[in-house]
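Heads up: the structure comes next, in structure tokens.
The values are calculated or read from the model by the stated rules, or taken from the named source; none is laboratory data. These numbers come from a predicted model, not from an experiment. Quick reminder, even Gly has a Cβ in these numbers, built from the backbone with ideal geometry, and neighbours come from all protein chains shown.
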Amino acid sequence: MRHLLTAGVLALSFGTRELDGQNSALTPFGAAKAESILRHQLPCLGCHTLQNEGGRIGPDLTSVRERRSTAYIAAMIADPQRVVPGSAMPRMPMPEATRDLIVRFLDELPATAPAPDAAAPTPAAPAAAATDGSALYARWCASCHGAGGKGDGPNASFLPVKPAQHASRQAMEVRSDDALYDTIHGGGAIMNRSARMPAFGATLTDPEIRALIAHIRSLCNCRGPEWSRDGTR
Amino acid sequence: MMSPQKKRRTRKPETAAPPDPIPTRFTTRRLLALLAAVATLGVAGVLVIRKPVAGPPTPLPPARATFRDTAIAAGDFAGTEACGRCHAPQVAAWKGSTHARAGGVPAAVKIIASFNGAPIRFRDAQVIPLARDGRFSFTVRQAGLPDQVIPVDGVIGGGHMEGGGTQGFVTALDDGTYRFVPFDFSRHDGKWFCNTLGRTNRGWVPISDSLPIAACVDWPPVRVLGDESRFSNCMSCHGSQIQVALDTTAARYRTSFTSLGINCESCHGPGKRHIALVQDPAAVASGNIGMTALATYGKDSSLGVCWQCHALKDRLQPGFVSGKPLAAYYSLRTPQLGDQAYLPDGRVRTFAYQQGHWYSDCYVNGGMTCTSCHDPHSQGYRDVNGTPLPGRFDDRQCTSCHASKAVNSTAHTHHTPSSAGSRCTSCHMPYLQEPELGNAIRFARSDHAIPIPRPVFDSTSGVTSACKGCHADRSETALETQLSAWYGTIKPHARAIDGLLRARATSDRAAAARLVLVPDEKHTAVQFDGMAYFLERFLDADMESIERDVVSRLERIASHGDIDVRALALASLHFSRGNDRDVRGILIRALDGAGNEESYLRARWGMILGYLADKQRNGGNPSAAITIYRKALEVEPSAAPLHLNLGLAFAQTGDAASAIAEYRRSLELDARQPLALVNLGIALDDGGRAEEAIDAYRRALRMNPRDPLANFNLGNVYLKATDLANAATYYERAIASDPSIALAHLYLARIRATQGDLPAALTQVRLTLQFDPSNEEATALREQLTRVTAEAR
């Protein structure tokens, strides 16, 4: 049912869209550029696999073109919650040119393996109340950081950098609440940490991020450094 | 934009006239004091290496591979028009950028300075800037001298910069160089000004009728466009693909550039091959189209594109042009040696604000590059996700990362929303006057170290804190109290910064080592600065003893990932204990394991030792300098400039034979060095070998007939031989190339006086005093000439 509804939205919004009129195939140079950005700068492979590299939360991108239309891929990257309400995929702000390049790259990937099941992205956990940090954590964070915040979620072994251990007092007491807020909001890359950690700022609300921070503080049973406790943001 | 001279060092040959030798000052007393300090530490339980050094040290391994240059010629660049045929949107964006509008030929750029014929008045000269028929020129008028017309052949800058933009001018000389004219214009102040750094050292000052023209370091115009070792300058960046080199066959310099703006290929590298490849289906199919996508670069590689120009640099070898590996040509961290261009927290102590970024938390603990905020094509502003922003003060440059601060911004800023004081940049990136330039001409740049305001600390560091910048009426203590009331404990400095600050306050070498020689320090900029400070403050050449912990720390740092840091650690070990067998083992292993970075490592290591040697030589201690140059030559035995400088040190000790041998060795390694020939000539002449000296000077003049020092010294030989006619000829040639050689004017004055041409003698003696006002001999001669002239009337 949800799937049908999604298709309807797509038809309205993206059915006739062309990608900057760039209908010619990506050059190998363009493809290499897109792949480099995908592997090193964007968080996509935190959840998705591309040619056996990457997380296992979302569908494999290697064969996405065999399952999804160009318009669907573009729409999903642009605003996943709109395409699949309740999706586990956050919206990543990026320049339109970058998004178009990634879409074209995915749309033109040569088939390398039999396509797995054409499953739509599924929510990681049921929707949570904005103030329920524990439920929000389970929904958005636990698959990588682990349910108990030990950096051992089921997806962690597929990541090049071990996820932060929110249960570690030693690691967390040197990080201010604002730093946690900014990382959740802006993703790992802005903190010189793993670019595979997505930015949730376009997906989660301010109260939701604060609830997550409170939950992380309960996991480490610690507070941020003294200098950061001025109560201001 | 006109910039002051940035300092480069070491690998450039220096003086032509050797200074008088000064007795060695490294005394027994200092050595005893050093030993006493070490002995005290030994009692406290610090392990000290005190092994006597016996026998010759094991030689360092020879270089396995030399640097292979990437062959890039001026003809490999295609020009912006060619780029625009395929990349029209990017070129259109670039056209409005300050890069595109950074300069050009006078007819093609906007000139903000007034060329209306109104004279610029110096105390002893008038300069008339004039525009006529689309041509711009300066006419310099000085008493007793014919008018000198300096055509404007290039315009540098358009006064674009927010904190005070300037415009400067270059003129093409007969010797093939473009030289900076010393009359710059400040848009902010609406005044002509000049740079006095290197003369009266008052920074940038407005030109006025109390300022002598010789106070301007670029009078006469000596600073060339391009990076040429003979002329101290940083002007390879005020244009695109600027290359300058002495063509010894044509006996003149060759200067080439694509434009005096900053074009596509300044960042992307040469484009002609790319244009050919994209038209070759096989190349397109291979993915190799002769260009890399800068958007795929990681943090440091991306910064490296901008550092090509926006950084202080020490030159390792000549010939850099975009497309070549920057690290092969320049070291970006070594300018901190000696100059300490940056304060421990990255605030600019001298000049060049952009590199403060390396010290910012946004770089050290974040992912920030230049392009996080600056659009590389339009140079407009944007947020970290690439969303364009309307202006340079837009908070979203910061809050796209620091989202926590945007939720309730007033709770953080404590200033009225949308007031100037509430902007992120007002407190964290205030405009600070570049200290080296003084305060007379505004040249303030946004603080790219992005610090937290610390009014008291900032004040003691010589920096106007952001708070004080607006609230000038309040004391630093009051401002600090207010900050404490708002924020409680202020975030402490990063560990490395704190360590360096504390090391500067101790005289205990072992304690300082623990503070600044930290192998796993992630703040690389301050780590280098701390090591540089430690080397200069706590280490000496071939120390009798040193704490084992110091060696151990340096050994661990010697395998650091940053090539500058690694080279500094190795140079420090080599300098202080290089003859110790264990230390030598560290040095040998480092070279054995350097792999394809060996030439980069040796170039830096040798340059650092060369700098330490220069410091001794310039400090009047040539014997110590000789020891250190020999160490440098162990690392870089084929470095012609090191042999030349070693020769100068020998000359300073009075050992002419060794000096001559080193000059000749330098010339064997690089024959195209007129200055080495001049120094050879001086040494030969001092040894009474005038004919050979003349031959050396003439060889120099065959390479560059305008070489002022070759002409001057040849004049000296003839003067000594009382061949006044020939002496006068060569002095005049020297002055024609470089009128600032005061002694050439003085000797010419004497000759003219001897020949009875008193007015000419008086003119020359006045010119002597213009460039050397304290010259007593000239003063006496002027009085004598004035008296005789009066009596004759």
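Testing residue A:162 on (1) more than 10 Å from every other protein chain (Cβ to nearest Cβ); (2) assigned to a loop (DSSP other than H, G, I, E, B); (3) over 15 Å from residue B:366 (Cα atoms); (4) in contact (Cβ under 8 Å) with a residue 12 or more places away in the chain, one condition comes back false. Which one is that?
The number of the failed condition is (4).
Would you call residue B:127 part of a strand (DSSP E or B), surrounded by 15 or more Cβ atoms within 10 Å (Cβ to Cβ) and not polar (S, T, N, Q)?
When the stated conditions are applied, residue B:127 passes them.
Run down B:460, B:371 and say which single residue is closer than 26 Å to residue A:187 by Cα and either within 27 Å of the chain's Cα centre (by Cα) or within 9 Å of chain A (Cβ to nearest Cβ) (or both).
Just one listed residue meets the conditions, B:371.
Residues of the stretch B:547-574 being in a helix (DSSP H, G or I) and within 24 Å of the chain's Cα centre (by Cα), which ones?
B:563, B:564, B:565, B:566, B:567, B:568, B:569, B:570, B:571, B:572
Just one of (1) closer than 28 Å to residue B:752 by Cβ; (2) out of contact with any Asp or Glu (no Cβ under 6 Å at 6 or more places or on another chain); (3) surrounded by fewer than 24 Cβ atoms within 10 Å (Cβ to Cβ); (4) not β-branched (Val, Ile, Thr) trips up residue B:706, so point out which.
It fails just one condition, (2).
So which residues in the stretch B:293-317 are touching a residue at least 12 places away in the same chain (Cβ under 8 Å), in contact with a Lys or Arg (Cβ under 9 Å, 6 or more places away or on another chain) and not hydrophobic (A, V, I, L, M, F, W, C), if there are any at all?
Passing the criteria: B:313, B:314, B:315, B:317.
Scan A:199, A:142 and give me the residue that is within 17 Å of the chain's Cα centre (by Cα), more than 14 Å from chain B (Cβ to nearest Cβ) and not aromatic (Phe, Trp, Tyr).
It is A:142.
Name the residue, out of B:455, B:451, B:376, B:430, that is at pLDDT 95 or above and within 14 Å of another protein chain (Cβ to nearest Cβ).
Exactly one of B:455, B:451, B:376, B:430 is at pLDDT 95 or above and within 14 Å of another protein chain (Cβ to nearest Cβ), namely B:376.
Scan the stretch B:264-291 for residues that are assigned to a helix (DSSP H, G or I), without any contact (Cβ under 8 Å) to a residue 12 or more places away in the chain and either away from chain A (no Cβ under 12 Å) or not polar (S, T, N, Q) (or both) and jot them down.
Listed by number, the residues that qualify are B:281, B:282, B:283, B:284, B:285.
I'm checking my understanding of the structure. Among residues of the stretch B:351-368 that are of a type in the set (Gly, Ala, Ser) and farther than 23 Å from residue A:94 by Cβ, which one is farthest from the other protein chains (Cβ to nearest Cβ)? I'd like the intermediate steps shown before the answer.
Of all residues in the stretch B:351-368, those of a type in the set (Gly, Ala, Ser) come to B:352, B:356, B:360, B:366-367.
Checking the rest, the ones that are also farther than 23 Å from residue A:94 by Cβ come to B:352, B:356, B:360.
Values: B:352: 24, B:356: 17, B:360: 12 Å.
The selected residue is B:352.
How many residues does the stretch B:477-528 hold that are within 14 Å of another protein chain (Cβ to nearest Cβ) and of a type in the set (Phe, Trp, Tyr)?
So the answer is 2.
Would the stretch B:236-255 turn up any residue that is within 14 Å of another protein chain (Cβ to nearest Cβ), surrounded by 20 or more Cβ atoms within 10 Å (Cβ to Cβ) and either out of contact with any helix residue (DSSP H, G or I) (no Cβ under 7 Å at 6 or more places or on another chain) or not in a loop (DSSP other than H, G, I, E, B) (or both)?
Initially, the stretch B:236-255 is screened for residues within 14 Å of another protein chain (Cβ to nearest Cβ), giving none.
Taking every residue of the stretch B:236-255 in turn, none turns out to be within 14 Å of another protein chain (Cβ to nearest Cβ), surrounded by 20 or more Cβ atoms within 10 Å (Cβ to Cβ) and either out of contact with any helix residue (DSSP H, G or I) (no Cβ under 7 Å at 6 or more places or on another chain) or not in a loop (DSSP other than H, G, I, E, B) (or both).
How many residues does the stretch B:379-406 hold that are touching a residue at least 24 places away in the same chain (Cβ under 8 Å), polar (S, T, N, Q) and within 13 Å of chain A (Cβ to nearest Cβ)?
Qualifying residue count, the stretch B:379-406: 2.
List pairs: first residue in the stretch A:166-189 and more than 10 Å from every other protein chain (Cβ to nearest Cβ) and free of Cβ contacts under 8 Å to residues at least 60 places away in the same chain, second residue surrounded by 20 or more Cβ atoms within 10 Å (Cβ to Cβ) and aromatic (Phe, Trp, Tyr) anywhere in the structure, Cβ distance under 9 angstrom, at least six positions apart or on different chains.
Here the result reads A:166/A:137, each pair linking the stretch A:166-189 to a residue that is surrounded by 20 or more Cβ atoms within 10 Å (Cβ to Cβ) and aromatic (Phe, Trp, Tyr).
Give me the helices (runs of 4 or more DSSP H) completely within the stretch B:742-793, filtered to those with at least 1 residues that are among the β-branched types (Val, Ile, Thr) and within 22 Å of residue B:123 (Cα to Cα), ordered by residue number.
B:758-771, B:776-792
Only one residue in B:346, B:271 is within 19 Å of residue B:240 (Cα to Cα), of a type in the set (Gly, Ala, Ser) and surrounded by 18 or more Cβ atoms within 10 Å (Cβ to Cβ), so which one is that?
Matching residue, one of B:346, B:271: B:271.
Please verify whether the stretch A:207-216 includes one or more residues that are among the small types (Gly, Ala, Ser) and surrounded by fewer than 19 Cβ atoms within 10 Å (Cβ to Cβ).
Checked against the condition, which is being among the small types (Gly, Ala, Ser) and surrounded by fewer than 19 Cβ atoms within 10 Å (Cβ to Cβ), the stretch A:207-216 yields at least one hit.
Got a sec? Which helices (runs of 4 or more DSSP H) wholly within the stretch B:610-724 have at least 2 residues that are without any contact (Cβ under 8 Å) to a residue 12 or more places away in the chain?
Details: elements: B:622-635, B:640-653, B:656-669, B:674-686, B:690-703, B:708-720.
Because the criterion is at least 2 residues that are without any contact (Cβ under 8 Å) to a residue 12 or more places away in the chain, the helices (runs of 4 or more DSSP H) in the stretch B:610-724 that meet it are B:656-669, B:690-703.
Given the criteria at pLDDT 95 or above and in a helix (DSSP H, G or I), does residue A:210 qualify? Walk me through it before giving the result.
Values: at pLDDT 95 or above: yes; in a helix (DSSP H, G or I): yes.
When the stated conditions are applied, residue A:210 passes them.
Any idea which of (1) modelled with pLDDT under 95; (2) of a type outside the set (Gly, Ala, Ser); (3) touching a helix residue (DSSP H, G or I) at 6+ places or on another chain (Cβ under 8 Å) is the one residue B:408 doesn't satisfy?
Residue B:408 satisfies every listed condition except (3).
From the list B:466, B:513, B:449, which residue is in contact (Cβ under 8 Å) with a residue 24 or more places away in the chain, outside the structural domain of residue B:352 (by TED's automatic domain parsing) and touching a helix residue (DSSP H, G or I) at 6+ places or on another chain (Cβ under 7 Å)?
Values: B:466 fails: outside the structural domain of residue B:352 (by TED's automatic domain parsing); B:449 fails: outside the structural domain of residue B:352 (by TED's automatic domain parsing).
None of the others qualify; the one that does is B:513.
Going by the structure shown, is residue B:635 surrounded by fewer than 24 Cβ atoms within 10 Å (Cβ to Cβ), aliphatic (A, V, I, L, M) and in contact with a helix residue (DSSP H, G or I) (Cβ under 8 Å, 6 or more places away or on another chain)?
No; evaluated as a whole, the condition is false for this residue.
Test of understanding: among B:218, B:175, which residue is out of contact with any Lys or Arg (no Cβ under 6 Å at 6 or more places or on another chain) and either in a loop (DSSP other than H, G, I, E, B) or of a type in the set (A, V, I, L, M) (or both)?
Answer to the check: B:218.
Let me confirm something: among B:553, B:566, B:548, B:584, which residue is of a type in the set (Lys, Arg) and touching a strand residue (DSSP E or B) at 6+ places or on another chain (Cβ under 7 Å)?
From the options B:553, B:566, B:548, B:584, the qualifying one is B:548.
Any chance you could count how many residues in the stretch B:292-340 are among the aliphatic types (A, V, I, L, M), more than 14 Å from chain A (Cβ to nearest Cβ) and surrounded by 20 or more Cβ atoms within 10 Å (Cβ to Cβ)?
First pass over the stretch B:292-340, keeping only residues among the aliphatic types (A, V, I, L, M): B:293-295, B:303, B:305, B:311-312, B:316, B:321, B:326-328, B:332, B:337.
With the extra rule that they be more than 14 Å from chain A (Cβ to nearest Cβ), the set shrinks to B:305, B:311-312, B:316, B:321, B:326-328, B:332, B:337.
Those left that are additionally surrounded by 20 or more Cβ atoms within 10 Å (Cβ to Cβ): B:305, B:311-312, B:316, B:321, B:332, B:337.
Summing the residues that are among the aliphatic types (A, V, I, L, M), more than 14 Å from chain A (Cβ to nearest Cβ) and surrounded by 20 or more Cβ atoms within 10 Å (Cβ to Cβ) in the stretch B:292-340 gives 7.
Take the stretch A:23-62 and flag every residue that is under 12 Å from residue A:196 (Cα atoms) and either away from chain B (no Cβ under 14 Å) or in a strand (DSSP E or B) (or both).
A:44, A:45, A:46, A:47, A:48, A:49, A:53, A:54, A:55
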